[in-house]
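Working notes, structure below.
What follows is calculated from the coordinates using simple rules that are stated; it is not laboratory data. Predicted model only: the values in this text are computed from it and were never measured. FYI the Cβ positions are ideal-geometry reconstructions off the backbone, even for glycines, and counts take in every protein chain you see.
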Amino acid sequence: MTGMEESTAVLSLESNLGFECQHIIHALKRAETPRWLALNEGAGGGIGFLTTNQTKEASCFQLRDALRVGCIALSDEFFSNTLGERDALNAMKDELERFSIVVEPPNTLFGKVCSRASRARRY
């Protein structure tokens, strides 16, 4: 037993054009999953977290800060369905370390500077 059997899971689901949030909520309800709630942070107070370049940047920096000062940590029960534990941890570390904001100059005299989130990868 992990001591979390009676805990409520708080989900922050991505809300975007692919409707992943709605699909996940439908699956949780269909499976009659107990004790969960989803944060309402989407457009107009809808369920989910609307991701933009700005929210991705802010989330990444907040997560880095929280990990650095010890406000959050990975559970001892951490796992991945597709990777081994060490590989999954390394992938998350790599994502956090390589996150950057790429600023692209405008293509024309009247264009605007474009910035976007980027996760540079090593090949």
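Listing for the model above:
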| item | result |
| --- | --- |
| Distance (nanometres) between label positions extended 7 Å along Cα→Cβ at I24 and A58 | 1.9 |
| Along principal axes, Cα extents of segment 8-51, largest first, whole Å | 26, 19, 14 |
| Estimated vicinal HN-Hα couplings, Hz - segment 54-63 in sequence order (Karplus 6.51, -1.76, 1.60; Gly, Pro = x) | 5, 6, 5, 4, 4, 5, 4, 5, 5, 5 |
| 3J(HN,Hα) from dihedral phi, segment 6-14, Karplus parametrisation 6.51/-1.76/1.60, rounded to Hz, x for glycine, proline | 9, 6, 9, 7, 9, 9, 10, 9, 6 |
